[in-house]
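Beneath this line is the structure, given in structure tokens, with notes to follow.
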Amino acid sequence: MGSTMKGKRMRTLEGSCHCGAVTFSVKSRTPQPYMHCHCSICRKTAGGGGYAINIMGEARTLKVSGRANLSVYRARIEDDGKRIHSPARRHFCKCCGSALFISDPRWPKWVYPHASAIDTPLPKPKETAQIMLDSRAPWVAVAGGKRNRKFTEFPDQSIEDWHKTRGVYEK
Ligand SMILES: [Zn+2]
């Protein structure tokens, strides 16, 4: 790929499933894998350690090869007492089961790859946000201290704002 890594330029992330049937790439200005989601859907579908880490890329730049091997899971969730399908689309490889990325028609500009599916080396975040802790598995040791901020549900900042306020947003 031709993108330069000089300064903090937007980078292209390359991702793949374990068996190689699906590969994808997406451009991202927000590649820090800082957000650990403990919700029951993330930890069941993509969270061997009790949580999943989603990052964010620009949906219009998403390129997928092996699309025929991609499958989509939409969780059944409770909404105002009704059972509905979550709008979030969890894309995974139907050959090997690897969780790959999430898309959501409520936020069509973005796609949310699982950090675990990304092959491009990601930056190591200096802190984390532990989110949806109300749903966490009781056996998980949640990282402590000031650098691991904790939220019972959603965090106080968007992924974009988190990167901007820490000077790690990539132009
Ligand atoms: Zn696969």
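Just so it is clear, none of the values below were taken in a lab; they were calculated from the coordinates. Note that the coordinates shown come from a computational prediction; the quantities given were computed from them, not determined experimentally. Heads up, the Cβs are rebuilt from the backbone with ideal geometry, glycines too, and the neighbour counts pull from every protein chain shown.
Couple of notes before you dig in:
- Check: the range 12-165 dipole with +1 on Lys, Arg Cβ and -1 on Asp, Glu Cβ, in debye: 160
- Using 0.36 nm per residue and subtracting the Cα-Cα separation, the extra length available between residue 141 and residue 8 on full extension is 44.6 nm.
- Selected from 151, 92, 24 as most flexible by GNM, with the chain as the system and alpha-carbon contacts under 10 Å: 151
- Which of 107, 162, 139 has the fewest Cβ neighbours within 10 Å, and the rest in rising order: 139, 107, 162
- Comparing mean-square fluctuations of 45, 152, 12 from a GNM of the chain with C-alpha springs under 10 Å, the top value falls on 152.
- This model, with +1 at the C-beta of Lys and Arg and -1 at the C-beta of Asp and Glu, gives the range 98-160 a dipole about its Cα centre of some 260 debye.
- Label-to-label distance, nm, for residues given as residue 80 and residue 95 (7 Å Cα→Cβ offset): 4.3
- In order along the range 113-125, the Karplus-derived 3J(HN,Hα) couplings, from 6.51 cos²θ - 1.76 cosθ + 1.60 at θ = phi - 60°, round to x, 6, 4, 5, 8, 8, 8, 5, x, 9, x, 8, x Hz, and Gly and Pro are given as x.
- Counted by neighbouring Cβ atoms within 10 Å, the residues 55, 41 run from fewest to most as 41, 55.
- Between residue 171 and residue 44, the simple spin-label model (points 7 angstrom out along Cα→Cβ) gives 4.4 nm.
- Volume per residue for the range 12-165 equals 122 cubic angstrom (convex hull of Cα atoms).
- Sparsely packed loop sites in the range 119-156 (the trypsin sites (Lys or Arg not before Pro) outside DSSP H, G, I, E and B with at most 14 other Cβ atoms within 10 Å) comprise 126, 146, 147.
- Footprinting exposure proxy for 112, 34, 73 (fewest neighbouring C-beta atoms within 10 Å first): 73, 112, 34
- Counting charges near residue 105 (Lys, Arg +1; Asp, Glu -1) among other residues having Cβ under 12 Å from its Cβ returns a value of +3.
- Applying a DSSP loop filter and a limit of 13 other Cβ atoms within 10 Å to the trypsin sites (Lys or Arg not before Pro) in the range 3-52 leaves 6, 9.
- Here is how the number arises for the chain: DSSP H runs of 4 or more residues each give -39500 (n - 2.57), the sum is divided by the residue count, and the result at 222 nm is -2000 deg cm²/dmol.
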